[in-house]
Amino acid sequence: MGNSHQSPGDRESDTRLLLRGITKRYPSVVANDGIDLTVLTGEIHSVLGENGAGKSTLMKIIYGSVKPDAGQILWNGKEVHIANPSAARDLGVAMVFQHFSLFDTLTVTENIALGLPKHTKLDELAKRIETTAREYGLDLEPQRHVHTLSVGECQRVEIVRALLTKPQLLILDEPTSVLTPQAVERLFETLRKLAAEGCSILYISHKLDEIRALCHTCTVMRAGKVTGICDPTQESAASLSRLMIGAEPPAIKYVERQPGATMLKVDKLSLPKIHPFATALSDISFEVRAGEIVGIAGVSGNGQQELLAALSGEDIRAEYNAISLQGEAVGHTNAAGRRLRGLGFVPEERLGRGAVPDLSLAQNLLLSHQGASTVKHGFVRFSALSGIAANIIQRFKVKAGGPQSTAASLSGGNLQKYIVGREVMREPKVLIVAQPTWGVDVGAAAQIRAELVALRDAGCALLVISEELDELFEISDRLLVIAKGRISPSIKRVDATISQIGLWMSGLWDQGDPPSAPDVELVPEASHA
Amino acid sequence: MLKLEARANPSTLMSWLSPVFALLLTVLCGVILFVALGKNPLEGLAAFFWEPISNLQGWAEVGVKVTPLLLIAVGLAVCYRASVFNIGAEGQLVLGAIAGGWAALHMNDGGNTGGAAMIAVALVAGMLGGMFWAAITTVLRDRFNTNEILVSLMLVYVAQLLLSYLVHGILMDPDGANFPQSKLLDDSFLLPIIMQGTRLHFGIVLALLASGLGWVFLSRSFSGFKLQVGGMAPLAARYAGFSSRKSLWTSMMICGALAGLAGVCEVLGPVGQLTPTISPGYGFAAIIVAYVGRLHPIGVIFSSFIMALFYIGGELSQSRLGMPNAITGVFQGILLFSLLACDVLIHYRMRWGK
């Protein structure tokens with residue numbers, strides 16, 4: 001196995017985990033179909049695949065929470081049957097889940113103690129936490145309450161919790177989706193150190209660049225099968241994505257354009273918290289003009305949700321003049337009213353917010369298409385709805401049974417294509433999109449981005465809020481950063497660098513070099529500090 | 001061993017078969033119950049499922065019971081689809097009876113001749129009475145975010161005590177030997193009988209009309225759509241800009257009006273006067289009716305028919321078999337629990353496996 005990184009596993013060439021012919025069938029789908037996987041001691045091994053490729057099922061099998069229908073698991077050379085997660089932990093398998101399982105009202109120590117035997121002494125545990133954290137360069141204060149921690153810090157708690165069990169295999173599921181680029185780099189250092197000590201790491205991700213930077217070996221999965229095993233450092237992002245989706249997504253060509261009139265204007269928008277764990281918005285000002293895409297970067301939980309709700313009209317507590325659409329103040333107008341004034345909105349949650357799970361795709365159109373073409377004299381025109389839905393399915397290549405399929409029956413990526421399609425078909429003057437490609441496979445993501453760019457070229461004003469910096473750098477004309485409920489000055493995409501935006505994501509745009517924002521008229525007050 | 005396995009999609013077929021299974025289970029439990037009590041189970045079942053519909057008179061009586069159950073169940077279906085858990089329809093029924101009955105008695109005392117117009121006035125008064133009672137719950141929920149389940153339930157008892165107070169007081173018949181009940185209404189104030197020689201009155205037409213209109217409202221109108229989106233996915237409703245307050249008020253007012261109508265139809269129908277116990281729990285039984293009918297305004301026609309059989313069968317088995325009065329309630333309860341159990345099959349399937 002060609003390996004450019006230092007990996008003790010290669011020298012000893014002993015195998016930590018070996019899966020042979022693992023198969024798991026569900027009523028409607030074969031999630032894992034004869035999967036073979038070899039993880040060496042001290043190896044950082046990535047499992048790469050689109051949503052629904054079967055990565056999560058495979059990890060659950062290794063962690064003992066799902067039983068395979070067929071296949072063999074060899075742990076350090078011996079065949080084992082992992083009955084449940086606690087058996088997995090006894091073997092030395094630890095897992096850090098994508099969604100944290102921490103109690104907000106408890107301290108770090110108390111949270112970690114919950115998973116340990118009853119007689120654990122808290123003060124001793126706190127010392128152990130501190131030592132372990134320091135050893136791996138994970139900054140952590142054991143006495144702090146979890147609700148005061150940032151998302152990145154919460155993840156560190158989860159990692160330390162896993163490390164305290166002295167694992168031989170650490171499984172990480174999409175760990176970087178909540179981190180700033182700088183925090184990702186720190187996480188990688190920790191993982192490399194762990195691997196150097198002989199701990200094997202299974203790293204689940206769909207971010208090709210990260211895998212290429214971090215991992216020794218990469219197993220690629222597609223539709224429940226292994227489609228390739230490779231050394232990611234020897235592959236290009238394009239060749240990896242070919243293995244993953246069977247095709248290479250088309251690159252988006254950036255064309256500089258002159259933006260038109262101001263379509264969406266936010267002026268000194270401040271909103272108090274709506275609940276204790278929300279983020280207050282403070283003094284947010286920016287504009288979005290016709291024919292441009294403005295991207296808002298930021299680590300999750302810094303006010304994105306609150307800003308989106310205020311802009312979409314789901315939260316109408318804003319000052320009357322704080323938000324205007326095409327020059328008209330709409331601070332107190334609800335979502336339907338703003339839609340009438342040319343706004344379109346794609347929310348980050350698809351099921352339950354962007355679409356009603358149990359309703360058909362055709363009926364789901366009514367959430368945003370409420371004009372004369374779909375509703376006449378107070379009655380719904382079902383045939384018209386089916387027509388529009390069929391049109392969207394065809395034009396946006398949505399994989400669905402048809403207009404009468406329920407929203408819940410679609411995969412995440414397909415539903416997102418449908419929702420984006422639904423909003424694009426309304427021909428909005430202003431379109432706000434949150435996390436356009438969150439959890440969407442590479443092929444669908446490329447298609448969605450291309451649609452957004454096409455909409456911009458047609459003269460729509462777009463605001464895209466995303467936690468994926470690469471995406472924002474790919475499609476935006478200008479970038480803003482949101483941190484702690486405040487918004488940074490705007491910077492042209494071509495003038496921005498990843499490291500600068502990463503710094504701003506920590507809220508540090510006031511210090512150091514003021515950004516050279518060329519469109520000075522758009523610099524909000526926050527930058528005058 | 002029998003195993004439950006999650007279905008990839010909820011089964012539509014099962015969602016309609018589940019009430020049928022529930023009914024079969026209820027029958028089975030009924031047989032066990034009759035045997036345990038030393039009664040002939042065939043006779044028992046006949047009292048419930050055959051005798052009520054063995055002649056025209058029986059069908060008419062079933063229709064009399066279906067009327068209030070169906071009216072209320074249509075209203076409840078609208079409420080529950082909007083996730084507004086109004087369980088106080090019984091109270092709204094009582095207020096409808098009070099308001100409509102009072103209006104009719106007042107007009108009757110005034111020496112009026114009755115007739116269609118005055119009956120209509122009384123019916124509208126009953127609907128307004130039910131809406132007023134529902135509005136109390138709604139205002140409290142809307143303004144102070146109180147729990148509508150608790151408030152509407154508690155208001156049932158207030159309504160019943162209010163009715164009791166009135167028929168013991170100002171509405172009591174002065175020539176009624178101090179019985180707590182109002183004067184009997186003149187025939188000209190009663191709903192017309194639509195089948196001669198029986199008690200089946202015009203209310204059944206109103207109930208079927210409500211069911212049809214309820215179906216149009218829920219499945220065809222945009223406001224019915226908005227209301228259901230609010231029930232299924234509140235965040236999606238907010239995203240779409242559908243007002244949750246509006247759907248709260250719409251559904252509560254529809255339900256209040258229909259429950260009130262059910263109440264006044266009882267007064268102007270089979271009862272003919274105001275008594276302290278105007279309803280044998282129709283407002284509560286209608287909750288079961290609504291769920292067995294799958295919260296579908298047409299589906300509740302069938303379930304209210306079943307529930308009406310339970311009411312009549314309960315009375316018959318008291319007189320024929322000497323069963324206790326509680327038998328109707330027992331059957332209602334078994335039906336509800338069986339339904340809840342069978343509903344598991346909508347999301348899961350059973351499998352024989354190791």
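Bear in mind these aren't lab numbers, they're just calculated from the coordinates by the rules spelled out. This is a predicted model, so every value here is computed, not measured. Cβ sites come from the backbone with ideal geometry, for glycine too, and all protein chains shown count toward neighbours.
Setting aside same-chain residues fewer than 8 positions from residue B:183, which lysines have a Cα under 30 Å from its Cα?
B:65
Taking the Cα centre of region A:166-221 as the origin, how large is its charge dipole in debye, to the nearest 20, when only Lys and Arg (+1) and Asp and Glu (-1) carry charge on their Cβ atoms?
Numbers: 6 positive and 7 negative charges, 29 e Å.
For this selection, approximately 140 debye.
Which residue, chosen from A:404, A:100, A:86, occupies the Cα position most advanced towards the positive end of the dipole of chain A, where the dipole is computed from +1 (Lys, Arg) and -1 (Asp, Glu) charges on Cβ about the Cα centre?
It is A:404.
Sort all Cα-Cα distances of region A:297-342 into consecutive 10 angstrom bins from zero, then give the percent of pairs in each bin up to the one containing the longest distance.
For region A:297-342, the binned pair fractions read 29, 50, 20, 1 percent.
Write down the radius of gyration of region B:247-354 and its Dmax, each obtained from C-alpha positions, in Å.
So, for region B:247-354, Rg and Dmax equal 17.2, 63 Å respectively.
What does the charge dipole of the protein assembly as shown about its Cα centre add up to, to the nearest 20 debye, if the Cβ of each Lys and Arg holds +1 and the Cβ of each Asp and Glu holds -1?
1520
Starting from the exponent 0.38 and prefactor 2.2 Å, build the expected Rg for region A:140-297 from its residue count and divide its actual Cα Rg by it. Let's see the in-between values first.
Details: Rg = 21.1 Å, N = 158, 2.2 N^0.38 = 15.1 Å.
Region A:140-297 yields a ratio of 1.40.
Find which of B:107, B:10, B:92 sits farthest along the positive direction of the dipole of region B:8-136, computed with +1 on the beta-carbon of Lys and Arg, -1 on that of Asp and Glu, about the Cα centre.
About the Cα centre, the residue reaching furthest to the positive side is B:10.
Can I get the semi-axes of region B:190-299's equivalent ellipsoid? Compute them from the C-alpha gyration tensor as square roots of 5 times the eigenvalues, in angstrom, largest first. Before the final figure, lay out the partial values.
On the way: eigenvalues 209, 43, 29 Å².
Its equivalent ellipsoid spans semi-axes of 32, 15, 12 Å.
Which whole DSSP H helices in chain B pass both tests: a Cα extent of 18 Å or more along the axis and a mean Kyte-Doolittle value no lower than -0.5? Could the numbers behind the result be given before it?
On the way: long enough: B:12-36 (37 Å, 2.22); B:56-81 (35 Å, 1.20); B:89-109 (29 Å, 0.54); B:116-144 (41 Å, 1.41); B:148-168 (29 Å, 1.77); B:203-220 (25 Å, 1.67); B:244-266 (33 Å, 0.75); B:299-321 (32 Å, 1.04); B:327-342 (22 Å, 2.03).
Passing helices, by number: B:12-36, B:56-81, B:89-109, B:116-144, B:148-168, B:203-220, B:244-266, B:299-321, B:327-342.
For residue A:97 and residue B:298, what does the FRET efficiency come to when R0 = 60 Å and r is the distance between their Cβ atoms, rounded to the nearest 0.05?
That pair, residue A:97 with residue B:298, gives E of 0.85.
Starting from the Cα of residue B:39, draw a straight line to each of the aspartates and glutamates and keep only those under 20 Å, dropping any in the same chain fewer than 8 residues away.
Reachable aspartates and glutamates: B:51, B:315.
Against the globular-protein guess of 2.2 N^0.38 Å, express the Cα radius of gyration of region B:1-84 as a ratio, rounded to two decimals. If you can, show how the numbers build up before the last one.
Working: Rg = 17.9 Å, N = 84, 2.2 N^0.38 = 11.8 Å.
After normalising by residue count via 2.2 N^0.38 Å, the value is 1.51.
Taking only Cα atoms of chain A, what ratio of Rg to Rh do you get with Rh as the Kirkwood inverse-distance radius?
On the way: Rg = 24.4 Å, Rh = 24.8 Å.
Rounded to two decimals, Rg over Rh is 0.98.
With every atom except the alpha carbons ignored, what do you get for Rg and Dmax of region A:373-420, in angstroms?
11.5, 35
Where nothing but the Cβ of Lys and Arg (+1) and of Asp and Glu (-1) is charged, how large is the charge dipole of chain B around its Cα centre, in debye to the nearest 20? Please list the in-between numbers first.
Working: 19 positive and 15 negative charges, 341 e Å.
Result for chain B is approximately 1640 debye, rounded to the nearest 20.
What angle, in degrees between 0 and 90 and rounded to the nearest 10, separates the Cα long axis of helix A:151-164 from the longest principal axis of the Cα atoms of chain A?
10
Write down the Å³ per residue value for the convex hull defined by the alpha carbon atoms of region B:115-157.
Details: hull volume 2.5 nm³, N = 43.
For region B:115-157, the hull spanned by Cα atoms encloses 58 Å³ per residue.
Which whole-number percent gives the relative contact order of chain B, counting Cα pairs below 8 Å spaced six or more residues apart?
Working: 636 pairs, mean separation 129.5, N = 354.
Value for chain B: 37 percent.
Taking every eigenvalue of the Cα gyration tensor of region B:36-123, multiplying by 5 and rooting it, what semi-axes result, largest first, whole Å?
Semi-axes from the Cα gyration tensor: 34, 22, 12 Å.
What distance in nm separates the two pseudo spin-label positions at residue B:321 and residue B:57, each 7 Å out from Cα along the beta-carbon direction?
2.2
Report, ordered by chain and residue number, the aspartates and glutamates lying within cross-link reach of residue A:24, taken as a straight Cα distance under 17 Å and ignoring same-chain residues fewer than 8 apart.
Cross-link targets: A:33, A:36, A:69, B:5.
Go ahead and run the numbers for FRET between residue A:280 and residue A:470, Cβ-Cβ distance against an R0 of 51 Å, rounding to 0.05. Please list the in-between numbers first.
Working: r = 29 Å, r/R0 = 0.57.
Between residue A:280 and residue A:470 the formula returns 0.95.
Calculated FRET efficiency, residue A:320 and residue A:144, Cβ-Cβ r, R0 41 Å, to nearest 0.05?
Numbers: r = 40 Å, r/R0 = 0.97.
About 0.55, to the nearest 0.05.
Exceeding 30 Å between C-alpha atoms, which entries from my cross-link table qualify? They are A:376/B:246; A:127/A:273; A:399/A:429; A:207/A:492; A:429/A:492.
Working: A:376/B:246 20 Å; A:127/A:273 35 Å; A:399/A:429 28 Å; A:207/A:492 25 Å; A:429/A:492 22 Å.
Correct reply: A:127/A:273.
When every alpha-carbon pair in region A:99-196 is counted, what percent end up more than 18 Å apart?
The proportion of pairs with Cα distances above 18 Å equals 43 percent.
Would you report the distance distribution of C-alpha pairs in the protein assembly as shown as whole percents per 10 angstrom bin, up to the bin with the largest distance?
Final binned percentages: 2, 10, 16, 18, 18, 14, 10, 7, 3, 1, 0.
Under a plain spin-label model, where a point goes 7 Å from the Cα along Cα-to-Cβ, how far apart in nm are residue A:189 and residue B:116?
8.9
Just name one of B:257, B:20, A:466: the one whose Cα is farthest towards the positive end of the charge dipole of the protein assembly as shown (beta-carbon charges, Lys/Arg +1, Asp/Glu -1).
B:20
In 10 Å bins starting at zero, report the fraction of Cα pairs in region A:289-369 per bin as a rounded %.
Each 10 Å bin holds this share of Cα pairs: 16, 43, 35, 7.
Separation of region A:252-287 and region B:85-144 by C-alpha centroid, Å?
Between the Cα centre of region A:252-287 and that of region B:85-144, the gap is 52 Å.
Taking 2.2 N^0.38 Å as the expected size of a compact globular protein, what ratio does the Cα radius of gyration of region B:69-192 give against it, to two decimals?
Numbers: Rg = 16.1 Å, N = 124, 2.2 N^0.38 = 13.7 Å.
Ratio of Rg to 2.2 N^0.38 Å for region B:69-192: 1.17.
Quick check on chain B: what does the Kirkwood estimate of hydrodynamic radius come out to from the alpha carbon pairs, in Å? Could the numbers behind the result be given before it?
On the way: mean 1/r = 0.0471 Å⁻¹.
For chain B, inverting the mean 1/r across all distinct Cα pairs yields 21.2 Å.
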